[in-house]
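What follows is a short report on a single structure.
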Amino acid sequence: MATIGTFTQTQTGFTGAITTLTIQAKKVAIVGARERSGETAPTHRIYLGKAEIGAGWAKRSQEEQDCISIKLDDPSLPAPLYAALYGEEDGKTHALIWTRSTGRRRD
């Protein structure tokens, strides 16, 4: 597991930054989806400026913790990046946690 981003909650969702060896993204916004086309449609959209760079789904982790499962994708990435946004104990900050997949992903 690696923390690749730190976010704070806003009225419309979350704002923060994502940092990896190849990504230096500031002013990332995770906002609630205004409309959903179905039950499996994303509950959140992720933006870097005006560009949509991903989507998120409100879920409950195996540890029974609420989180947002995130999928980031961009032409510069060799494959989509999967992570999860979890609230910290202080209730104000949220950490974007990346874990390398060990097998087939189940959404």
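Between Arg60 and Glu89, the simple label model (points 7 Å from Cα in the Cβ direction) yields a spacing of 2.4 nm. Normalised by the number of residues in the chain, the mean separation of alpha-carbon contacts (under 8 Å, six or more apart) gives a relative contact order of 23 percent. Distance between the 7 Å Cα→Cβ label points at Lys50 and Arg36: 2.9 nm. When every Cα-Cα distance of the chain is counted in 10 angstrom steps from zero, the calculated P(r) takes the values 14, 51, 32, 3 percent.
Just so you know, all these numbers are worked out from the coordinates, no wet-lab data involved. As the structure is a prediction and not an experimental result, all values here were calculated from the model. Neighbour counts run over all protein chains shown; Cβ positions are idealised from the backbone, glycine included.
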